[in-house]
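Since the structure comes first, as structure tokens, the remarks are kept for the end.
The values are calculated or read from the model by the stated rules, or taken from the named source; none is laboratory data. Owing to the predicted nature of the structure, the values given are computational and were not obtained by experimental measurement. Don't worry about glycine lacking a Cβ; one is built from the backbone with ideal geometry, like all the others, and counts go over all protein chains shown.
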Amino acid sequence: MIDVMTANYAAAHAARLARVGVIAAYPITPQSSISEKLAEMDVKGELHGKYILVESEHSAMSLLIGASYTGARTFTATSSHGLALMHEMLFWAVGARRPVVMAIASRAMGPPWNIWGDHMDVISERDTGWLQFFCENNQETLDTILMAYRISEDRSVMLPSMAIEDGFILSHTYEAVDLPSQDEVDDFLPPFNPEWKVDFDDPRRFGGMTMPEWWSEFRVRIAIDNENSRKKIVEVDKEFERKFGRSYGGLIEFYNCDDADVALVLAGSAVGTAKHISDKMREKGKKVGVVKIKSLRPFPADELKKLNDMVPVVGVFDRSYTFGYGGALFSEVKNGMYVPGGGLLMKDYVGGLGGKDFTPKNMEFVFEDLLRMRKEGKVDRMVEWINIKDGTGRW
Amino acid sequence: MPKFTIPTEEYMRKGHSACPGCGTPLALRYALKALGPRTILNFPAGCGGVIQGVWPFFALKVPVVDNAFECTAAVANGIRAGFDVTGMKDAYVVGWSGDGGTVDIGIQALSATVDRNADIIYVMLDNEAYMNTGIQRSGCTPIGAWTTTTPVAGDKGWNTTPKKRIMDMMVPNGIVYGATVNVAYPEDFIARFREAKDIKGTKFMHVLAPCTPGWRIDPKQSIEIARLATQTGTFPLYKVERGKYSLTKEIKKRKPMEEYLKLQGRFRHLPMEALQEIQEQVDAEYAMLLKKVKDTNE
């Protein structure tokens, strides 16, 4: 059924369709309409589990970790400072191997206060061990949450997932979304059935103290299973396509890249703008490609390495910035693409921070800049902030 | 045949790593004797979790979930919610935290869990400081006590902030049942947990348990000192059922605080005037308790 809804409502519908057992949430802009929609569904009796209003994001994640130990499927949603407050429990969910799924309406980190979208919040959680999936549009937000349960709860993975939709740009923008039926989702997503859970007939301890002698052995299992998730992500994407007719390429999507002269790597809603501009520029004979990072963790480094043979100039668009180094996605892409003797020309474009518009015109500027560098055969500078009023932010 | 009033079942194995004279394993054993095998405990960082052993060893015969420091109540609430939706019945969920994990860093999650009246038993194992990390002051450290963060230099430096009156916060917060229990009174301890276990909603158990290195006491005097805490009235035993206070251990003639304090190295530095002030404060708080008993039973 095609309906018109925001990404936040799409996320709430996904939680409903996934028959989540326990939901715990705390309001924060721009996530709040997910928790409001879920409350509305709850009062109408449309949810299949319990919806608990907590006093903080920290408690939301803590409560869900407790619930997940009993074998309940769990969901929450947050943004920005709420995600930062959860930080400790994000590590806990990973170490405890609880496959919580969380929607993030991504937003800038203050101060100064800013409620609008950028990726600083989710970028800052790269090291926790969560699987992190960016969404380009509202349909993808719904689909990603359904796929995330399949991936996270798989016994070869057992790690939590974030489905990231850009604050306001997606969270509050209405788009047509194909809403699957409960039967269709039930056919795709079986009930959560973990190998280990609380059992009074076989009492065990979960998360107790481990000495240095065994600590690394627990950590390496997380590393291995995070690697395992790559295969699972691709498998689940293919199965999703068979059942629902939509695919997101697994970890990464190459768009207009086959014969491209330059390519731009990016994540989130700006991918849509980039694809649109790429199509338009191709009509004028300008061969520009787009690489969409669907999965930030695990990071598609092997897939990106292919770009070395495809295009000589690669740009990265960053919706966040790691002070003292550069755009976070830029450093990820650089590392991922590295091959000895590669010698690619690369440049980082920082823009769209804290809800600043990143327009089709800005996108066209980026592609033209990349084409210019290809022609000149050199990179003029490493980092360029787009749309800064006094023109600073170039080095 | 002697008549045993304390169940003989044990849910804690030998070989745990508590110090000699520690009150915590007694508290765990008594609580589990009252609650039985269909009990799940969740612990934050602290001795309660540590003494059960290091992986793969485990001294309890009931399931345990470990949690971060400030979220014991939220995790217990989550376990209960999970049981509710997965159809697990007849199970007791116990969030078991220390005093610092409760009155300091855990107060927010605890207060909201009481608001929701989650069906859990919350245990505050009170040994009056952060003992597991090395005897640092907590919100439950009494006035006059030495800790490593309230060191003593001559005639100053000991803890000067009053012990937080957590029950006085929990009762208006809305707990359905609250009780103070002391490892020196095992029958009363077990009776209170038995009373609490089948009441629906959030129950709050304030457990006094001595810490031998933290209180600087002789391990063999541990129970004697814990008993003096109640006999002096600094840790009176009482319960609160839906706002109604009652004493569960009547103390006809309270012993002087000096008897309790002088056995503990953590109070050894106190001058006479400070002892007098502590005595006056205990007298005042005990009178307040008796007034609450009277007022809520009229």
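Does A:VAL101 meet the test of being of a type in the set (A, V, I, L, M), within 17 Å of the chain's Cα centre (by Cα), away from chain B (no Cβ under 14 Å) and within 30 Å of A:ASP202 (Cβ to Cβ)? Even if it seems obvious, please write down each step before you answer.
On the way: of a type in the set (A, V, I, L, M): yes; within 17 Å of the chain's Cα centre (by Cα): yes; away from chain B (no Cβ under 14 Å): yes; within 30 Å of A:ASP202 (Cβ to Cβ): yes.
Spelling it out, A:VAL101 is indeed of a type in the set (A, V, I, L, M), within 17 Å of the chain's Cα centre (by Cα), away from chain B (no Cβ under 14 Å) and within 30 Å of A:ASP202 (Cβ to Cβ).
For segment A:153-170, does any single residue satisfy the condition of being in a helix (DSSP H, G or I), out of contact with any helix residue (DSSP H, G or I) (no Cβ under 7 Å at 6 or more places or on another chain) and among the acidic types (Asp, Glu)? Quick ask: steps written out before the conclusion?
To start, the set of residues in segment A:153-170 that are in a helix (DSSP H, G or I) comprises none.
Among the residues of segment A:153-170, not one is in a helix (DSSP H, G or I), out of contact with any helix residue (DSSP H, G or I) (no Cβ under 7 Å at 6 or more places or on another chain) and among the acidic types (Asp, Glu), which makes the answer no.
Tell me which residues, restricted to segment B:101-133, are among the hydrophobic types (A, V, I, L, M, F, W, C) and touching a Lys or Arg at 6+ places or on another chain (Cβ under 8 Å). Don't jump to the end; show me each part of the working.
So the first thing to find is which residues in segment B:101-133 are among the hydrophobic types (A, V, I, L, M, F, W, C), and the list is B:103, B:105, B:107, B:109-110, B:112, B:114, B:118, B:120-121, B:123-125, B:129, B:131.
Correct list: B:VAL103, B:ALA118, B:ILE120, B:ILE121, B:ALA129.
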Report those helices (runs of 4 or more DSSP H) wholly inside segment B:98-206 carrying at least 2 residues which are touching a Phe, Trp or Tyr at 6+ places or on another chain (Cβ under 8 Å) and either modelled with pLDDT under 95 or farther than 23 Å from B:PRO44 by Cβ (or both).
B:186-197
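I'd like the residue in segment A:116-137 that is among the charged types (D, E, K, R) and either surrounded by fewer than 24 Cβ atoms within 10 Å (Cβ to Cβ) or not in a helix (DSSP H, G or I) (or both) and, out of all such residues, is farthest from the chain's Cα centre (by Cα).
Taking segment A:116-137 and keeping what is among the charged types (D, E, K, R), we get A:118, A:121, A:125-127, A:136.
Those still in the list that are either surrounded by fewer than 24 Cβ atoms within 10 Å (Cβ to Cβ) or not in a helix (DSSP H, G or I) (or both) too: A:118, A:125-127, A:136.
On the way: A:ASP118: 12, A:GLU125: 11, A:ARG126: 10, A:ASP127: 14, A:GLU136: 9 Å.
Among residues in segment A:116-137 that are among the charged types (D, E, K, R) and either surrounded by fewer than 24 Cβ atoms within 10 Å (Cβ to Cβ) or not in a helix (DSSP H, G or I) (or both), the one farthest from the chain's Cα centre (by Cα) is A:ASP127.
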Considering residues of segment B:70-97 that are aliphatic (A, V, I, L, M), farther than 18 Å from B:TYR11 by Cα and outside any loop (DSSP other than H, G, I, E, B) only, the residue farthest from the other protein chains (Cβ to nearest Cβ)
B:ALA73
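Taking A:GLY207 as the residue in question, decide whether it is modelled with pLDDT under 95 and either more than 14 Å from chain B (Cβ to nearest Cβ) or at positive phi (or both). Write out each step before concluding.
Details: modelled with pLDDT under 95: yes; either more than 14 Å from chain B (Cβ to nearest Cβ) or at positive phi (or both): yes.
Taking the combined requirement at face value, the residue satisfies it.
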Among residues belonging to segment A:246-279 that are out of contact with any Ser or Thr (no Cβ under 9 Å at 6 or more places or on another chain), in a helix (DSSP H, G or I) and in contact (Cβ under 8 Å) with a residue 60 or more places away in the chain, point out the one that is surrounded by the fewest Cβ atoms within 10 Å (Cβ to Cβ).
A:HIS276
Would you confirm whether any residue within segment B:31-51 is in contact with a Pro (Cβ under 9 Å, 6 or more places away or on another chain), within 14 Å of chain A (Cβ to nearest Cβ) and among the polar types (S, T, N, Q)?
yes
Checking the structure you have, find out if any residue of segment A:138-150 is crowded, with 24+ Cβ neighbours inside 10 Å, more than 24 Å from B:ILE79 (Cα to Cα), in contact with a Pro (Cβ under 6 Å, 6 or more places away or on another chain) and in the same structural domain as A:GLU235 (by TED's automatic domain parsing).
no
Quick one: B:ASN67 ticks every box in (1) more than 11 Å from chain A (Cβ to nearest Cβ); (2) at pLDDT 95 or above; (3) surrounded by 24 or more Cβ atoms within 10 Å (Cβ to Cβ); (4) over 23 Å from B:LYS200 (Cα atoms) except a single one, so which number is it?
(1)
For segment A:42-68, what are the residues that are among the hydroxyl-bearing types (Ser, Thr, Tyr) and out of contact with any Lys or Arg (no Cβ under 6 Å at 6 or more places or on another chain)?
A:TYR51, A:SER56, A:SER59, A:SER62
B:GLY233, sole failed condition from (1) in contact (Cβ under 8 Å) with a residue 60 or more places away in the chain; (2) crowded, with 18+ Cβ neighbours inside 10 Å:
(1)
Looking only at segment A:68-81, filter to residues that are in contact with a helix residue (DSSP H, G or I) (Cβ under 7 Å, 6 or more places away or on another chain) and under 20 Å from A:MET109 (Cα atoms); which one of those is nearest to the other protein chains (Cβ to nearest Cβ)?
A:THR76
For residues in segment B:36-55 being modelled with pLDDT under 95 and among the small types (Gly, Ala, Ser), which is surrounded by the most Cβ atoms within 10 Å (Cβ to Cβ)?
B:GLY48
Selection from segment B:98-112 of residues touching a residue at least 60 places away in the same chain (Cβ under 8 Å) and within 8 Å of another protein chain (Cβ to nearest Cβ) yields B:SER111
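When you go through B:LYS14, B:LYS3, B:LYS33 one by one, which is the residue that is crowded, with 20+ Cβ neighbours inside 10 Å and either assigned to a loop (DSSP other than H, G, I, E, B) or of a type in the set (D, E, K, R) (or both)?
Working: B:LYS14 fails: crowded, with 20+ Cβ neighbours inside 10 Å; B:LYS3 fails: crowded, with 20+ Cβ neighbours inside 10 Å.
Testing whether each residue is crowded, with 20+ Cβ neighbours inside 10 Å and either assigned to a loop (DSSP other than H, G, I, E, B) or of a type in the set (D, E, K, R) (or both) leaves just B:LYS33.
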Segment B:37-83, residues that are over 22 Å from A:PHE200 (Cβ atoms) and among the aromatic types (Phe, Trp, Tyr):
B:PHE69
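Which one is farthest from B:ASN67 (Cα to Cα), of the residues in segment A:56-67 that are at the interface with chain B (Cβ under 7 Å from one of its Cβ atoms) and in contact (Cβ under 8 Å) with a residue 24 or more places away in the chain? Before you say what the answer is, go through the steps one by one.
Of the residues in segment A:56-67, the ones at the interface with chain B (Cβ under 7 Å from one of its Cβ atoms) are A:56, A:58-59, A:62-67.
So of that shortlist, the ones also in contact (Cβ under 8 Å) with a residue 24 or more places away in the chain come out as A:56, A:58-59, A:62-65, A:67.
Numbers: A:SER56: 16, A:HIS58: 12, A:SER59: 11, A:SER62: 8, A:LEU63: 10, A:LEU64: 12, A:ILE65: 9, A:ALA67: 12 Å.
Per the stated criteria, the residue is A:SER56.
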Looking for something in contact with a helix residue (DSSP H, G or I) (Cβ under 8 Å, 6 or more places away or on another chain) and either farther than 24 Å from B:THR234 by Cα or surrounded by fewer than 22 Cβ atoms within 10 Å (Cβ to Cβ) (or both) - is there at least one such residue anywhere in segment B:149-161?
no
Does segment B:236-264 hold any residues that are more than 12 Å from B:ASN182 (Cβ to Cβ), buried (at least 16 other Cβ atoms within 10 Å of the Cβ) and in contact (Cβ under 8 Å) with a residue 40 or more places away in the chain, and which are they?
B:LYS239, B:VAL240, B:GLU241, B:TYR245, B:LEU261, B:LEU263, B:GLN264
